[in-house]
Amino acid sequence: SVHTRDQVELPPPAIDNRLTVHPLWSEIDRISTEQIQAAFEGVGGEIGWQLFAEEGDMRMYRREMEVDGMVTDPLKAMHKVRGVTAREMCHYFFNPRYRYEWETTLETMTIVEEISSDALVFHQTFKRIWPASQRDALFWSHVRQSTDNTYAVTNHSTTNVDYPANTSACIRLFVTVCLACRSSWPAGATPTRENITTSIAYCSTVNPGGWAPAGVLRAVYKREYPKFLKRFTNYVVEQCRDKPIAI
Ligand code: 16C
C-alpha cells in the first residue's frame with residue numbers, strides 16, 4: 001500500500017513519480033494548476049464576488065449561478081491562521097485518516113484508488129438535506145507544493161466503472177475544490193509556532209447533479225461552509241500544538 005496508515009507522512013515537496021505515469025496525470029496537473037492560480041486571485045474587480053460571511057480573519061464570498069435551474073454558486077473563502085504551516089494544513093485536509101474528525105457533512109468515505117503518496121480517489125456519501133435525495137461524489141484528490149511555502153489540495157470529480165452514478169439511493173454531485181495555503185514569518189527570523197501565519201484560500205464549486213430546492217441549498221451552504229472552515233482550521237491548530245513545526 002502506498003498509504004501507510006500508522007505513520008504520519010507530510011505532503012512531499014515534489015510530485016510523486018507514480019502519479020506522473022497514471023492515466024489521470026495530465027488532467028490532475030492541469031486542473032490543479034488552474035485552481036491554485038485562481039485561488040490566489042483577489043475577490044475585487046469585475047467578477048462580482050458577494051461577501052456573505054465574516055468572522056475574525058475569515059471572509060466568505062459567493063457568486064450566484066444557476067446551471068439548468070440548479071444552484072451552482074461558486075464559493076471563495078479567505079482566512080488567516082496563526083501557529084500552523086501551509087504544509088500542515090494541506091496534510092490534514094488531504095489525509096483520509098483525519099477526515100471524519102473535521103468533516104461533518106460525511107456519511108461514508110471509501111478510498112477507491114491509491115494513485116501515489118500525493119493522489120487518491122475517493123467515494124463519499126453525504127448527509128441527506130431534506131427534502132432532496134441523498135448525494136454522493138467520486139473525486140480525485142491531489143496535494144502539491146506550488147511555490148515556496150505554498151501547498152495546495154485540489155479535489156475534482158471523476159468517474160470509475162465500479163462506482164456508477166445515480167444507481168442506488170444517491171444522486172451523484174460534481175465538485176471542484178481547492179484549498180491553497182501560503183505561510184509567512186518575519187524576514188530573517190526562523191519560523192516557529194509563535195511567529196508563523198498561514199493565509200488560506202478555499203474555493204469550491206458544487207453542482208448538485210439533480211433537483212434540489214434553491215432556497216434550501218443556499219441556506220445550507222451559508223451555514224455549512226463557515227462551520228467547515230472554522231472547525232477544520234481549529235482542528236489543525238489543535239493537532240499541531242505540541243508537534244515540531246513542519247515547513
Ligand atoms: O472541501 C470539503 N471537504 C472535502 C473532503 O470531504 C471535499 C468534499 C467535497 C464535497 C462537497 C460537497 C458537500 C455536499 C454536502 C451535502 C450535504 C450537506 C449536509 C449538511 C448538513 C446536514 O472537498 C469541505 C466541504 C464543506 C461542504 C459544505 C457544504 C456545502 C453544501 C453545498 C451544496 C450541496 C448540494 C447538495 C444537494 C442536495
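Nothing in this text is a laboratory measurement; each read-out follows from the coordinates by a stated rule. Because the structure is predicted, anything quoted here is derived from the model rather than measured. Virtual Cβ from ideal backbone geometry, glycine too; neighbours counted across all protein chains shown.
Need the failing condition index for Ile171 against (1) within 12 Å of the ligand (Cβ to nearest atom); (2) touching a residue at least 24 places away in the same chain (Cβ under 8 Å); (3) touching a Phe, Trp or Tyr at 6+ places or on another chain (Cβ under 8 Å), just the number.
Status for Ile171: all satisfied but (3).
Kindly establish whether Glu27 is over 16 Å from the mean Cα position of the chain (by Cα), more than 23 Å from Leu217 (Cα to Cα) and surrounded by 13 or more Cβ atoms within 10 Å (Cβ to Cβ).
Spelling it out, Glu27 is indeed over 16 Å from the mean Cα position of the chain (by Cα), more than 23 Å from Leu217 (Cα to Cα) and surrounded by 13 or more Cβ atoms within 10 Å (Cβ to Cβ).
Select from region 70-90 the residues that are closer than 28 Å to Pro23 by Cβ and in contact with a Phe, Trp or Tyr (Cβ under 8 Å, 6 or more places away or on another chain) and list them in ascending order.
Result: Arg87, Cys90.
Could you list, in sequence order, all residues of region 177-229 that are among the polar types (S, T, N, Q), more than 9 Å from the ligand (Cβ to nearest atom) and in contact (Cβ under 8 Å) with a residue 12 or more places away in the chain?
Answer for region 177-229, where residues must be among the polar types (S, T, N, Q), more than 9 Å from the ligand (Cβ to nearest atom) and in contact (Cβ under 8 Å) with a residue 12 or more places away in the chain: Ser183, Ser184, Thr192, Thr197, Thr198, Ser199, Thr205.
Look at Val236 and say whether it is out of contact with any Lys or Arg (no Cβ under 9 Å at 6 or more places or on another chain), away from the ligand (no atom under 13 Å from the Cβ), of a type outside the set (Ser, Thr, Tyr) and under 27 Å from Leu51 (Cα atoms).
Considered against the rule, which asks whether it is out of contact with any Lys or Arg (no Cβ under 9 Å at 6 or more places or on another chain), away from the ligand (no atom under 13 Å from the Cβ), of a type outside the set (Ser, Thr, Tyr) and under 27 Å from Leu51 (Cα atoms), Val236 comes out as yes.
Looking at region 139-168 only, could you name the residues that are hydrophobic (A, V, I, L, M, F, W, C) and away from the ligand (no atom under 13 Å from the Cβ)?
If the condition is that a residue be hydrophobic (A, V, I, L, M, F, W, C) and away from the ligand (no atom under 13 Å from the Cβ), then Val161, Ala165 are the ones that fit.
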